[in-house]
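Colleague: Dropping a structure here in structure tokens format, bear with me for questions.
The values are calculated or read from the model by the stated rules, or taken from the named source; none is laboratory data. A quick note: this is a predicted structure, and the numbers were derived from the prediction, not measured. Glycine gets a Cβ as well: all are built from the backbone with ideal geometry, and neighbour counts include every protein chain shown.
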Amino acid sequence: MIIDFHTHTFPAKISKSVLANLAGLSHTAYFTDGSTDGLHASMEQAGVDYSVNLPVMTYAGQVEKVNGSLMREREALLDRGIITFGGMHPDYEDYRKELKKLKDAGALGIKLHPAYQGVDFDDIRTMRIISCATELGLIIVTHAGIDIGLYEHNYCSVKMILNVLEQVHPSKLVLAHMGGWGGWEDVERDLAGAPVWLDTAFSIGPITPNPIQTEKPLLPYNLSDEDFVRLMRKHGADKVLFATDSPWEDQADYIGRMTRMPMTDDEKQAVFSGNAAALLGLA
């Protein structure tokens, strides 16, 4: 079984414009049309059994509308192997009520994106959301490290993450991009071994440039195979989750990259599905 713990979809009517805008910011390519149908087709081609859909709330006014729509579609999406989380924005005031609604609707977790939300990860607005979600038993997935398209400020640095761990003690925190995109030396030195999960999204292998632009991707670096395996083992292979960041990576290609990693069979089984299945409560 293969579980992709980090994917994104957008409403079909706006998916193309959203992808074009984000690809322009990051100078990177995308590999589906951004829709649910596009993700499902990618999953079938790549042999992915489940994908976790992570909605990003870029402003507080989106929260109720987007969460409501996703929760109404939750069962239909699950029939296609797509496990959708909810989302939250630090400026959304009635976060306790909304998180409880998500929990009652069957959501397993939420997504935060400090860079797109313009709020530091250890800001009190974010920490109170993490605290409430933890009380409800929800998984919290956050973008970690700099963002390839918004690189002026690191809204989720290792220092901020450690501050949140010390003050809030989240029990199910998943740090995307192996704990901190672009700052993996800090992750390996200061964060590896902490009580968090790391996902592999957009962190290994080459970055594919946007074919309609002449510029190369901004900050075009990822982990080498050697660096990835060393970081994975220092952190613990039982706390690493396979993830692609589709549509920003090709799921089939990413599976191939991970399969070729110099890992043991047990490590690959844990990373590809075992750890995620346990965290998600899948039989």
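Colleague: Read through the list (1) free of Cβ contacts under 8 Å to residues at least 40 places away in the same chain; (2) assigned to a helix (DSSP H, G or I), then give the number of the only condition that R230 fails.
Modeller: So the condition that R230 fails would be (1).
Colleague: Can you pull out the residues in the stretch 200-216 that are over 16 Å from A115 (Cβ atoms), crowded, with 18+ Cβ neighbours inside 10 Å and not hydroxyl-bearing (S, T, Y)?
Modeller: Answer for the stretch 200-216, where residues must be over 16 Å from A115 (Cβ atoms), crowded, with 18+ Cβ neighbours inside 10 Å and not hydroxyl-bearing (S, T, Y): I204, G205, I207, N210.
Colleague: Q251 fails exactly one of the following numbered conditions: (1) modelled with pLDDT under 95; (2) touching a helix residue (DSSP H, G or I) at 6+ places or on another chain (Cβ under 6 Å). What is the number of that condition?
Modeller: Here Q251 meets the rest and fails (1).
Colleague: Would you call T126 farther than 23 Å from L282 by Cβ and among the β-branched types (V, I, T)?
Modeller: Yes: the conditions hold for T126.
Colleague: So, in the stretch 244-283, of the ones that are more than 22 Å from S224 (Cα to Cα) and aliphatic (A, V, I, L, M), which residue ends up surrounded by the fewest Cβ atoms within 10 Å (Cβ to Cβ)?
Modeller: Looking at the filtered set, the residue picked out is A283.
Colleague: Given the options I140, I110, name the one that is modelled with pLDDT of 95 or more, outside any loop (DSSP other than H, G, I, E, B) and either more than 27 Å from L219 (Cα to Cα) or polar (S, T, N, Q) (or both).
Modeller: I110
Colleague: Let me ask something else. What's the total number of residues in the stretch 8-34 that are more than 14 Å from P209 (Cα to Cα), of a type outside the set (V, I, T) and under 17 Å from the mean Cα position of the chain (by Cα)?
Modeller: 3
Colleague: State whether the residues of the stretch 150-158 include one that is out of contact with any strand residue (DSSP E or B) (no Cβ under 7 Å at 6 or more places or on another chain), in a strand (DSSP E or B) and either over 30 Å from G24 (Cβ atoms) or not β-branched (V, I, T) (or both).
Modeller: Yes, some residue in the stretch 150-158 is out of contact with any strand residue (DSSP E or B) (no Cβ under 7 Å at 6 or more places or on another chain), in a strand (DSSP E or B) and either over 30 Å from G24 (Cβ atoms) or not β-branched (V, I, T) (or both).
Colleague: Another one. Going through the stretch 165-186 one residue at a time, which ones are touching a strand residue (DSSP E or B) at 6+ places or on another chain (Cβ under 8 Å) and at negative phi?
Modeller: Result: L165, P170, K172, L173, V174, L175, A176, W181, G183, W184.
Colleague: G61 passes all but one of (1) touching a helix residue (DSSP H, G or I) at 6+ places or on another chain (Cβ under 9 Å); (2) surrounded by fewer than 18 Cβ atoms within 10 Å (Cβ to Cβ); (3) assigned to a helix (DSSP H, G or I); which number fails?
Modeller: Every condition holds for G61 apart from (1).
Colleague: For the stretch 149-179, how many residues meet the condition of being closer than 13 Å to L219 by Cβ and within 14 Å of the chain's Cα centre (by Cα)?
Modeller: The number of residues fulfilling the criteria is 1.
Colleague: Taking the stated definitions as given, is D91 touching a residue at least 24 places away in the same chain (Cβ under 8 Å), surrounded by fewer than 17 Cβ atoms within 10 Å (Cβ to Cβ) and not in a helix (DSSP H, G or I)?
Modeller: yes
Colleague: Right, V66: under 29 Å from I129 (Cβ atoms), modelled with pLDDT of 95 or more and not in a helix (DSSP H, G or I) or not?
Modeller: The answer is no for V66.
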